Amino acid sequence: MANATGSVSSPGLGVGNVVGDCFSLTFKNLLKVAAVVALPFLIIGVLGAAVFGAGMMTGGTDLEAMLDGVTADPLQLGLMLVLYMVVVSFLICFVFAAGVRLYFDLKVDGRASILSAYRSGLARAVPLFIVNVVFMIILIIALGLPMALFAAIDVPALGLLLLPAFLYLGGVMAPLAPAVVIETRWISAIGRSIQLTKDYRWPIVGALLLMYLIMFGISLVALPIAAMFAFAGVIGIVLAAIANVAINVLIYGLLIALLTVIYTRLREIKEGTSIESVAGIFD
């Protein structure tokens, strides 16, 4: 569409449509989303229960058990924590990689294979983990050092000035996971995200903030209800663990859907790549 000066305006991201698409894809395919997301989070819960106590299975922590561990052998507990964080990071990267593949297939042709999603999760979890580590280093350099400086001069409140930059970087990196999974990229996925999001970063930030508010609302209502089950003995703990996994399925499913839909929408806008034209990309 041409504006008053004769130039051609870029099509909008369509934040409302993007978010609505996420809900449609997730709830129409909730069993498939659960099949991809639930198992890794169940494993995370079991591992957390082994390290922190049964409270991790219900969304809490057993602080008394942790303190006993510190008193008994802090080195052993520290090693367990490091191992736990590494395993959890890999499993979350697996969830994102497998979830991106699932939602991408659903978006492309309306059907998806859980087995194919798991294969992509296993194949792309390590690259996604490495790319995220690199991005975190960039984030620490770009934002962490100024925040440390503000704290050193005893004016930590100045760190709030960096909030717009933090949100902006979130918009820049929104298509990162899809670029790693769908285009089988490694570090170059960061440059790809920068390229795709140009001129659309603040609308992307708006979509992310809207989704985070929705996710926060879900957690605010659902987590206390799930925690209540834990007071009903062993059966209650099991029910609480199931409820906690179900909450993660919904929250992470919606977030992964958002990142994937943003990626496909940006490719349509920037490259004229229709959804139909990328069907069979994994064949």
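The values are calculated or read from the model by the stated rules, or taken from the named source; none is laboratory data. On a predicted model such as this, the values are computed, not experimentally measured, just so you know. Methodologically, a virtual Cβ is constructed for each residue, glycine included, from the backbone with ideal geometry; neighbour enumeration extends over all protein chains shown. Side chains included, ligands, DNA and RNA excluded: accessible areas come from the protein's heavy atoms. Shrake-Rupley method; radii C 1.70, N 1.55, O 1.52, S 1.80 Å.
For segment 148-193, a residue qualifies if it is more than 29 Å from PHE96 (Cα to Cα), open to solvent by 50 Å² or more (accessible area, probe 1.4 Å) and not in a loop (DSSP other than H, G, I, E, B), and the qualifying residues are ALA148, LEU149, ALA151, ALA152, PRO156, ALA157, LEU158, LEU160, LEU161. Considering the conditions (1) part of a helix (DSSP H, G or I); (2) crowded, with 19+ Cβ neighbours inside 10 Å; (3) modelled with pLDDT of 85 or more, LEU31 is excluded by exactly one of them, (2).
A quick yes/no check of all residues on (1) hydrophobic (A, V, I, L, M, F, W, C); (2) within 13 Å of the chain's Cα centre (by Cα):
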| position | (1), (2) |
| --- | --- |
| ILE187 | yes, no |
| VAL221 | yes, no |
| ALA227 | yes, no |
| LEU250 | yes, yes |
| ARG265 | no, no |
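Of THR26, THR5, THR71, THR61, all but one fail to be open to solvent by 60 Å² or more (accessible area, probe 1.4 Å) and either in contact with a helix residue (DSSP H, G or I) (Cβ under 7 Å, 6 or more places away or on another chain) or modelled with pLDDT of 95 or more (or both); the exception is THR61.
Residues checked against (1) of a type in the set (Asp, Glu); (2) open to solvent by 20 Å² or more (accessible area, probe 1.4 Å):
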| position | (1), (2) |
| --- | --- |
| VAL100 | no, no |
| ASP109 | yes, yes |
| ALA117 | no, no |
| LEU122 | no, yes |
| PHE135 | no, yes |
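Considering only segment 104-120, state which residues are of a type in the set (Val, Ile, Thr) and farther than 20 Å from PHE94 by Cα. Listed by number, the list holds a single entry, VAL108.
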